[in-house]
Amino acid sequence: MTTPIEFMGAAGSPYSRKMLALMRYRHLPYMVHWSTGQVPKGYPKPKVPLLPTYFLPNKAGEIEAVTDSTPLIRRFEKEHEGRSVIPKNPVLGFLNDLIEDYADEWLTKAMFHYRWAHEADYKNAGPLLIFWGSSVFDDVTAQGMSDHFTKRQIDRLYVVGSNEVTAPIIEGAYARFVEILDQLLSHKGYVLGARPAASDFAIFGQMTQLAIVEPTSAKLTRDISARVRAWVDRMEDMSGLTPEDDDWFSVDEAAQSLTPFLTEIGRTYTPVMLANAKAVMAGEKTFEAQVDGAPWTQPTFKYQAKSLGWVREAYFDLNPIDQKKVDQILEGTGCEALFLT
Ligand SMILES: N[C@@H](CCC(=O)N[C@@H](CS)C(=O)NCC(=O)O)C(=O)O
């Protein structure tokens with residue numbers, strides 16, 4: 001039997017759920033260790049403690065702790081053939097990178113905001129986060145841990161840019177996103193055609209929480225779209241789908257289907273990620289952007305400058321013909337600003 005790929009994750013961690021569903025779809029043998037806050041005994045610790053943490057051999061064959069779902073997905077594509085989540089067509093490949101980064105880095109703001117901003121939601125999530133680690137805490141201990149963790153997370157809402165000024169922006173953007181996804185899925189079932197891409201798994205990861213766990217956003221999601229809610233339930237395990245090469249959208253189909261989504265990405269993700277990257281370059285600790293005419297302020301976030309760098313690299317690596325096609329698709333969406341030199 002093939003050695004399973006081992007990783008530590010949590011049911012309440014969107015990126016863990018992104019990767020677990022991806023492993024299932026790709027038929028990659030895996031073993032998941034549900035996190036209790038520390039790496040399992042005898043396993044290496046990652047440099048930055050993030051979930052999921054993969055335990056993978058390095059070039060010398062020693063097991064190392066590896067984090068960050070986006071590069072991990074690309075590594076698994078190189079190491080394991082078939083059932084790819086990266087479209088071969090470079091134009092679609094680029095759109096996949098952009099939408100994956102939107103889900104990982106923007107949609108996660110809605111996830112964190114809905115989890116900790118409203119009382120009904122944080123009262124729901126606090127104890128779940130404790131019991132997702134283990135079922136054997138007694139009630140008093142679990143409540144104490146939950147109260148402690150909840151306070152810490154509410155105090156950290158500003159880190160993702162959630163505050164009283166931005167709350168309506170985050171919530172309005174989430175509702176629009178669900179409407180857009182509803183329409184998009186009605187075409188061929190997934191973001192880039194009739195088979196799931198890395199960007200579907202990134203959206204799915206955030207939606208395992210937004211559409212199911214947080215009472216406020218779960219109700220909103222279901223009220224807007226039964227299709228989206230049902231898609232989230234199904235995406236959990238796509239092991240039975242047999243994808244074909246021509247299941248991806250053609251470039252023209254992608255251009256037609258994705259305009260509303262790209263316009264949404266141009267309206268929210270684009271100004272925030274650009275202002276962050278600029279502030280990171282200038283060595284600043286905080287940044288301000290304008291979203292929908294309102295001020296968006298938050299501490300700078302180095303990783304988001306790095307992941308935007310990967311999306312920009314993907315754009316500048318395109319050959320002139322593909323880049324022109326991408327320019328046509330992005331024209332008027334607001335996303336063009338990401339690639340000005
Ligand atoms: N860029 C990382 C993000 C992972 C991440 O932010 N994970 C969260 C949980 S979903 C985390 O571990 N946060 C630190 C903590 O909970 O202590 C990825 O793509 O995997």
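The values are calculated or read from the model by the stated rules, or taken from the named source; none is laboratory data. The structure displayed is predicted, hence computed values, not measured ones. Neighbour counts run over all protein chains shown; Cβ positions are idealised from the backbone, glycine included.
Structure above, values below:
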{"item": "Pairs, first in the same structural domain as Arg156 (by TED's automatic domain parsing) and under 16 Å from Trp106 (Cβ atoms) in the stretch 284-304, second of a type in the set (Gly, Ala, Ser) and not in a loop (DSSP other than H, G, I, E, B), C-beta under 7 Å, six or more apart", "result": "Phe287/Ala275; Phe287/Ala279; Ala289/Ala275; Trp296/Ala289; Thr300/Ala279"}
{"item": "So Ile180, is it free of Cβ contacts under 8 Å to residues at least 40 places away in the same chain, in the same structural domain as Pro260 (by TED's automatic domain parsing) and of a type in the set (A, V, I, L, M)", "result": "no"}
{"item": "Where Val232 falls short, out of the listed (1) out of contact with any helix residue (DSSP H, G or I) (no Cβ under 8 Å at 6 or more places or on another chain); (2) under 17 Å from Ala103 (Cα atoms)", "result": "(1)"}
{"item": "Any hit, the stretch 279-300, residues being more than 11 Å from Ile169 (Cβ to Cβ), assigned to a helix (DSSP H, G or I) and in contact with a Leu (Cβ under 6 Å, 6 or more places away or on another chain)", "result": "no"}
{"item": "Matching residues, the stretch 287-326, being of a type in the set (Val, Ile, Thr) and in contact with a strand residue (DSSP E or B) (Cβ under 6 Å, 6 or more places away or on another chain)", "result": "Thr297, Thr300"}
{"item": "Given (1) charged (D, E, K, R); (2) under 24 Å from Val178 (Cα atoms); (3) at pLDDT 95 or above, index of the condition Asp292 fails", "result": "(3)"}
{"item": "Qualifying positions in the stretch 1-47 - in a loop (DSSP other than H, G, I, E, B) and within 11 Å of the ligand (Cβ to nearest atom)", "result": "Ala10, Ala11, Gly12, Ser13, Ser35, Gly37, Pro46"}
{"item": "Verdict on Leu340 being buried (at least 17 other Cβ atoms within 10 Å of the Cβ) and not aromatic (Phe, Trp, Tyr)", "result": "no"}
{"item": "Boolean, Arg75 is within 15 Å of the ligand (Cβ to nearest atom), modelled with pLDDT of 95 or more, in the same structural domain as Thr333 (by TED's automatic domain parsing) and basic (Lys, Arg)", "result": "no"}
